[in-house]
Structures are given as C-alpha cells and as structure tokens.
1. Quick one: Cα centre-to-centre distance for region 30-95 and region 117-152, in angstrom?
2. Mind running the shape call on region 56-194? Use the C-alpha gyration tensor, a ≥ b ≥ c as the square roots of the eigenvalues: rounded below 1.5 for a/c, prolate if a/b tops b/c, oblate otherwise.
3. Please list PHE134, PHE232 from largest to smallest accessible area, probe radius 1.4 Å, with all protein chains kept in place.
4. Got a sec? What order do HIS117, HIS147 fall in by accessible area at 1.4 Å, biggest, i.e. largest, first?
5. How many percent of the accessible area of the chain is carbon or sulfur, using a 1.4 Å probe?
6. Only Lys, Arg, Asp and Glu count, each charged at its Cβ (+1, +1, -1, -1), so figure out the dipole size of the chain about its Cα centre, rounded to 20 debye.
7. Shape verdict for the chain, please, from the Cα gyration tensor: rounded (a/c under 1.5), prolate (a/b greater than b/c) or oblate.
8. I need the calculated FRET efficiency for the pair GLU92 and TYR160, taking r as the beta carbon distance and R₀ as 30 Å, to the nearest 0.05.
Amino acid sequence: MIILTDKQKERYSRQIISPLIGEEGQEKISKIKVLQIGCGGLGSPFALYLTAAGINELTIVDNDVLDISNLQRQILYNESQIGKDKIRSAKEVLTMLNSDVKINTYKEYIDEDSIMHYLKEKNYDFIADCSDNFKTKFLVNKIAVKHNLRCVIAGIKDFYGQIITINPKETACYQCVFSPIETPPNEGPLPVIGVTPGILGTLEALEVIKTTLGLPNLENKVLMVNLIDLRFNIIDIIKNENCICSA
Ligand SMILES: [Zn+2]
C-alpha cells in the first residue's frame, strides 16, 4: 500500500482536488509500473507526463542516439544532448523532473526474446508502444497479448494519428484492427509535424492514467486524429475471433 507523504500531497494537489482522482486516485497512480518501448516523438511527452503525474516506475527501452533532426518533435531532448544515447538523456531529464519516480533505461532494440528480460524482472501494469514502426507495434501487441499486459499503441504520420488501448483477455487488440500483412514496409523518414506525436504521445499517457483510475478509455475503440480538419473520430471495434488475442 502506498500512503502519500505531505510533500506528495502538495506536489500532486492539482490532480488530487479533481473529483475524478482524489487521494485514492493519486495512490493508484503512484503504484503504476510502465514498460515504454521507444523514446522519440511519442515517447517524449508520454514519459514526461507520466513522470510528472507521479507514477511508480518507468522503464524505457530505446536504441537510438540523438540526432539534430529529432529535436523538431522529441521534446524531451535539447541541443546539448546531440550524439548521446537518448535513454541516458531521458533518464537525466526525467529524474530531474520527479525524483519520486524510478526511471530505468535500457539501450536495446527489442525483439521477442530480448523483451523477456524486462518482463521477467518485474510485474508491469502497462506496456506502451512509442515506436516509429509497424514491426515494433505488432510485436508490442503480441507481447501484450501473450503476457496479458494492458497496452497502449499509437501511430502517427504527418498531421494524422491513431491510438488504441488494449486489455488483452477482454478487448480487441491492435491486430484485430490492423493487419501485419497489409502494412507497408518502412520507407525511410516519414513526414511529421512535431505537434502530432506531441498530441498522440500525450493521449497515450492519458490512457494509462485513465485506465488506472477506471475512467472511460479507448478499449474496443480506435481514435483517429486528423489535425488538419481537427477531427477526433472514435471507431468502435470488436474482438476478432480469428485473431491472436482470441486463441
Ligand atoms: Zn486481436
């Protein structure tokens, strides 16, 4: 059980006074352990907001070194960190933001075997896909289904994005909606305005928080975001009986 200290009550006072959160909700938030895959455009706001909100522990896996072309959207980083491992810089910044949150970082490109290392280590409440490619999104989904881990997956391109939240035994998964066969191979850098992953990564953090609090979330739904017309459309989806999540 986690009892909030006076300092924590002060720090999180603006969310504690929310009738939808309260001290009880903050105590729930303070217990969340998240495994985050990727720490770029989506991962930056995701990690920042969850750390600011006072989750228990955030484990980030990312294999990249910071490039100047990342700074247009990866708001966790700055010019002084160019050429350095993103995870190292991420840990520095996030720990400075909130020393209450345990930040673990690993420089690795995950695959089905390497992810086991992290899953064996501790019980995560969520796995979040903050990667920039379909292959990793399907892998994260598969891992979530296999290990019955709650999961949030987002994708972006240009001024568009989509996001889904998954409770593997109960709700539709990413593969119920998107087919790994039909997805195009990665063809180099995709166009993107930095605000797009900013919004979608922020929504991923929101989903983790709302799911934890038992508030309405994006289970059995895909939210399609069109930032040109500013349209946010929710599409209801159902679990596919022939999908990996129904086996
Ligand atoms: Zn499925």
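The values are calculated or read from the model by the stated rules, or taken from the named source; none is laboratory data. The structure displayed is predicted, hence computed values, not measured ones. Cβ sites come from the backbone with ideal geometry, for glycine too, and all protein chains shown count toward neighbours. These area figures cover heavy atoms from the full protein model, side chains too; ligands, DNA and RNA do not enter into them. Shrake-Rupley method; radii C 1.70, N 1.55, O 1.52, S 1.80 Å.
1. 17
2. Values: a/c = 1.87, a/b = 1.18, b/c = 1.58.
It is oblate, given that a/c is not under 1.5 and a/b is not larger than b/c.
3. Numbers: PHE134 65, PHE232 100 Å².
So, going from the largest accessible area down, we get PHE232, PHE134.
4. Numbers: HIS117 95, HIS147 70 Å².
Descending order: HIS117, HIS147.
5. Numbers: 6580 of 12510 Å².
Roughly 53 percent of what the probe reaches on the chain is carbon or sulfur.
6. Details: 27 positive and 31 negative charges, 81 e Å.
It comes to approximately 380 debye.
7. Numbers: a/c = 1.39, a/b = 1.13, b/c = 1.23.
Rounded.
8. The computed FRET efficiency comes out at 0.40.
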